[in-house]
Amino acid sequence: MVRHDPIAEATDSLQLFSRVSARLRERVVFDAAVWSVTDPETGLVTAPMWVQNLDGGAQCYAYWECELLEETVIPFRELARSVTAAGALRWNTGDLPGRSAQYRRLRGQGVIDELRAVLRAGGKPWGVVSLFRSTGRAPFGPTEIDVVVGLSASLGARLRSLARPPVRRVGARRSVRARHDPFRPRRNRHLDQ
């Protein structure tokens, strides 16, 4: 059976997130996830974002408001500069998740742990991911954190390549894209005539 590479084959960031999330589930069990592209200069979350099984995305605003304005235990801004690109709430707090404002908001939805990572390339954050576990599951451990850390650089590099248009050589023929990439502006063929 031939295994496809979801990172290399993705044609846009949403496809990258959905395919990697499905493959990651085979190695790291999680109940919900939030994947987002970030501005590599500021680390701020941008579009697109993919929310999976987290109250239909209704809590998205509250999640990012908490991340940006309230104290969190392992904020993305610190993971972006950290030697390790990922951390898990219970692991990093010595099983005292109540120290996290984010956890206090999400526990009403049955969330018992969060594993978060920054997707870095060239020393810059190109995306972030949060994986959540619900009541009845064990907390994330160091092996699962290592699996996600191992994906950080390749996912960050792919997000960077999707965000930057390819360098065209002088005299090179223009390539035709089969799918629309949200990072690249669409050309209007009627205006080009």
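Filtering segment 99-113 down to residues that are basic (Lys, Arg) and touching a residue at least 12 places away in the same chain (Cβ under 8 Å), which residue is nearest to PRO139 (Cα to Cα)? Before you say what the answer is, go through the steps one by one.
In the first step, residues of segment 99-113 are kept if they are basic (Lys, Arg); the result is 99, 104-105, 107.
Next cut, touching a residue at least 12 places away in the same chain (Cβ under 8 Å) only: 99, 105.
Values: ARG99: 16, ARG105: 17 Å.
Ranking the candidates gives ARG99 first.
Which residues, counting only those in segment 58-95, are modelled with pLDDT of 80 or more and among the hydroxyl-bearing types (Ser, Thr, Tyr)? Scanning segment 58-95 gives SER82, THR84, THR93. Scanning segment 10-42 for residues that are more than 22 Å from GLY122 (Cβ to Cβ) and among the acidic types (Asp, Glu) yields GLU26, ASP31.
Being surrounded by 15 or more Cβ atoms within 10 Å (Cβ to Cβ) and within 23 Å of ASP12 (Cβ to Cβ) narrows it down to one of LEU115, LEU151, so name that one. Only one candidate qualifies: LEU151.
When you look at VAL129, is it crowded, with 18+ Cβ neighbours inside 10 Å and at pLDDT below 95, yes or no? Full working, then the answer.
On the way: crowded, with 18+ Cβ neighbours inside 10 Å: yes; at pLDDT below 95: no.
Criteria not met by VAL129.
ARG164 meets the conditions (1) in contact (Cβ under 8 Å) with a residue 60 or more places away in the chain; (2) among the basic types (Lys, Arg); (3) exposed (fewer than 15 other Cβ atoms within 10 Å of the Cβ) in every case but one. The failed one is (1).
Out of the residues in segment 70-91 that are among the polar types (S, T, N, Q) and touching a helix residue (DSSP H, G or I) at 6+ places or on another chain (Cβ under 9 Å), state the one that is surrounded by the fewest Cβ atoms within 10 Å (Cβ to Cβ). So, considering only residues that are among the polar types (S, T, N, Q) and touching a helix residue (DSSP H, G or I) at 6+ places or on another chain (Cβ under 9 Å), the one surrounded by the fewest Cβ atoms within 10 Å (Cβ to Cβ) is THR84.
Taken over segment 1-40, the criterion of being farther than 17 Å from LEU54 by Cα and among the charged types (D, E, K, R) is satisfied by ARG3, ASP5, GLU9, ASP12, ARG19, ARG23, GLU26, ARG27, ASP39. Find the residue count for segment 96-107, including only residues that are of a type in the set (Gly, Ala, Ser) and either over 20 Å from LEU68 (Cβ atoms) or in a loop (DSSP other than H, G, I, E, B) (or both). Counting residues in segment 96-107 that are of a type in the set (Gly, Ala, Ser) and either over 20 Å from LEU68 (Cβ atoms) or in a loop (DSSP other than H, G, I, E, B) (or both) gives 2.
Just to be sure before I move on: is PHE140 part of a loop (DSSP other than H, G, I, E, B), surrounded by 15 or more Cβ atoms within 10 Å (Cβ to Cβ) and either touching a residue at least 60 places away in the same chain (Cβ under 8 Å) or in contact with a helix residue (DSSP H, G or I) (Cβ under 9 Å, 6 or more places away or on another chain) (or both) in the structure I sent?
On the way: part of a loop (DSSP other than H, G, I, E, B): yes; surrounded by 15 or more Cβ atoms within 10 Å (Cβ to Cβ): yes; either touching a residue at least 60 places away in the same chain (Cβ under 8 Å) or in contact with a helix residue (DSSP H, G or I) (Cβ under 9 Å, 6 or more places away or on another chain) (or both): yes.
Yes, satisfied.
The values are calculated or read from the model by the stated rules, or taken from the named source; none is laboratory data. Being a predicted model, the structure only gives us computed values, none of them experimental. Cβ: placed from backbone, ideal geometry, glycine included. Neighbour counts: every protein chain shown.
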